[in-house]
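Structure first, then comments.
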Amino acid sequence: QAYNCLIHFYKRKIYLSMMAMLNVAKCLDSSSIIPTDVRFVFNNEIGSEMKKEVKAHKFVLALASNVFEKEFYGTLKEKDEIKIVDASQEAFQTMIYFIYNKHMDWSKFDISFLSSLYYLSDYYDIQDLKVKVLSSISDQKVSKEDVLGVANLAEVHNLFPPFSEAIYDVAVLCLKTEFGGSFEAVVDFFSETEPTENNAVILHKIMARMKALKCKNCKQSSCLDGKGLTSDNFVPGARVTWVEGKGHSMIDRLIATQGEPAKAFLASLIDGSTCGRLTLKPNYYKYKCS
C-alpha cells in the first residue's frame, strides 16, 4: 500500500512538473495576464527608429540561470530595463524562448547564429542550452566551398573548446564525405587557398582531424559507406544494407560473426528481431553510413 502511494506521489510530481513547463511557455503569450517585469533593449539598426526589446519574468530567468539570479536578486540588483550590447535581439529572444520551453525549429538556425547562442549560454551559464546548441551543430550540413569559412568561425571561438571542436568536426565530415577520406584530394582542394598564417593553422587542424575523426557508424577513419561486408572489416553495431536479390532485405545492424573462420554472421533486423547464419560476403551486404 505504501509502495503504491509512493508511485502515485511521483507520478503526480512528474505530471505537475510537465504542466508547469507548459504553463511557463504560455507566460510570454500576448494573451497572458501575468505581467513581465524585466525588459532587455538592444541597439537600433542603422536607419531604424524602432527600439528592439525582449520582455521576460525575472523569477523564471533566475530559476534557469544563476547569473540572472544574482542580477535580479543579489546585492547589486539590475534595473527593470537592461541594455544588451554583445548579442542580437534575435539570438537573445531565442535564448529566452528556450528558457520558457517554447517550441522552436532548430533546423533554421545556421552555424553563425548558433555561435551567438552558445556565447549566451556560456555567459548566462545555461547548461541545457549549451547541450542543445552542440547537438544542433552536429546536424549542420555545409558545402566544401564553405568549409574554410566554417573552420575560421571555429577558430574565432577557440575560447569555447566544445563549440569550436564541434564546428571543426562538421567541416571535416563534409570533406571526408566529399573526397572519400582521401588526404591527397583534400590537399589538392586547398592548394589554391591564400597562404596566410590563420589559414595555415586552420588547414593543419583540419588535416589532423581528417586522420582522427572516425565515422559514427563504421568507426573507421576512412568511411566504409557502400563497401562490401567482409570478415576483415566486420564492425559490430554498424548499420548495413542488403544487395538486392542476395542478402536479407530486413537487415539493420551487425551483431557478431559466426564460425571459425567466419563465413556467416548474426544481425538485428529492422523489426527488432535477430537473424543468424547470414552469408558473410561483400556481394551480399554493404555498409550504410550515410
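Here, each number is a calculation from the coordinates, and none is a lab measurement. Nothing here was measured: the structure is a model prediction, and the numbers come from that model. So basically every Cβ, Gly included, is an ideal-geometry build from the backbone, and we count neighbours across all protein chains shown.
Sort the following peptides by mean Cβ neighbour count (other Cβ atoms within 10 Å, averaged over residues), highest first: 263-269, 227-233, 112-118. Working shown, then result.
Numbers: 263-269: 17.1, 227-233: 15.4, 112-118: 20.0.
Packing order, densest peptide first, comes out as 112-118, 263-269, 227-233.
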From the phi of every residue in segment 166-176, what ³J(HN,Hα) in whole Hz does the Karplus formula 6.51 cos²θ - 1.76 cosθ + 1.60 yield, where θ is phi - 60° and glycine or proline is x? 5, 5, 4, 4, 5, 5, 5, 4, 4, 5, 5
Based on the mean of other Cβ atoms within 10 Å per residue, sort peptides 182-188, 123-129 so the most packed one is first. 123-129, 182-188
Backbone N under 13 Å from the THR75 label point (7 Å along Cα→Cβ), restricted to segment 121-137: none
Taking N as the number of residues in segment 159-290, what is its Cα Rg relative to 2.2 N^0.38 Å? 1.31
Output the Cα-based Rg and Dmax of segment 212-290 in Å, rounding Rg to one decimal and Dmax to a whole number. 11.6, 37
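Which entries of LYS130/LYS211; LYS51/LYS79; LYS214/LYS288; LYS130/LYS219; LYS141/LYS288; LYS141/LYS214 have Cα-Cα distances beyond 23 Å here? Intermediate values should be presented prior to the final figure.
Working: LYS130/LYS211 27 Å; LYS51/LYS79 18 Å; LYS214/LYS288 15 Å; LYS130/LYS219 26 Å; LYS141/LYS288 18 Å; LYS141/LYS214 17 Å.
From the list (LYS130/LYS211; LYS51/LYS79; LYS214/LYS288; LYS130/LYS219; LYS141/LYS288; LYS141/LYS214), the Cα-Cα distance tops 23 Å for LYS130/LYS211; LYS130/LYS219.
Take the alpha carbon gyration tensor of segment 97-162, find the square roots of its eigenvalues, order them as a ≥ b ≥ c, and report rounded if a/c is under 1.5; if not, report prolate when a/b exceeds b/c, else oblate. Write out the running numbers ahead of the final one.
On the way: a/c = 2.64, a/b = 1.41, b/c = 1.87.
Oblate shape, in that a/c is at least 1.5 and b/c is the bigger or equal ratio.
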Alpha-carbon Rg with Dmax, taken over segment 82-211, Å: 16.1, 53
Ratio of segment 154-203's C-alpha Rg to 2.2 N^0.38 Å, to two decimals? 1.23
q = 0.20 Å⁻¹, segment 18-166: log10 I(q)/I(0) [Debye, one scatterer per Cα]: -1.34
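Calculate for the chain the 222 nm mean residue ellipticity that helices alone would give, adding -39,500 (n - 2.57) per DSSP H run of length 4 or more and normalising by residue count, nearest 500 deg cm²/dmol. Working shown, then result.
Values: 10 runs with 128 residues, N = 290.
Value at 222 nm, helices only, nearest 500: -14000 deg cm²/dmol.
Want the number for SER32 to THR193: 0.36 nm per residue separation, take away the alpha-carbon distance, what's left? Walk me through the intermediate numbers first.
Details: separation 161, 0.36 × 161 = 57.96 nm, distance 5.46 nm.
Taking SER32 through THR193 to full extension adds about 52.5 nm, to one decimal.
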Just to verify a number: FRET efficiency for MET104 and HIS248, C-beta to C-beta distance, R0 = 45 Å, to 0.05? 0.65
Evaluated at 20 °C with a viscosity of 1.002 mPa s, what Stokes-Einstein diffusion coefficient in µm²/s does the chain have when Rh comes from the Kirkwood expression over alpha-carbon pairs? 92
Using the Cα centre of the chain as origin and beta-carbon charges of +1 (Lys, Arg) and -1 (Asp, Glu), tell me which of ILE33, ILE111, PHE163 is placed farthest towards the positive end of the dipole. ILE33
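Net charge near ASP169: determine it from the other residues with C-beta under 12 Å of the C-beta of ASP169, scoring Lys and Arg +1 and Asp and Glu -1. List each step's numbers first, then the result.
Working: positive: LYS176, LYS205, ARG209, LYS214, LYS216; negative: ASP139, GLU165.
For residues surrounding ASP169, the net value is +3.
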Packing-based order for 160-172, 132-144, using average beta carbon neighbours within 10 Å, highest first: 160-172, 132-144
Would you mind checking the tilt of helix 127-138 against the longest principal axis of the Cα atoms of the chain, expressed as 0 to 90 degrees and rounded to 10? 40
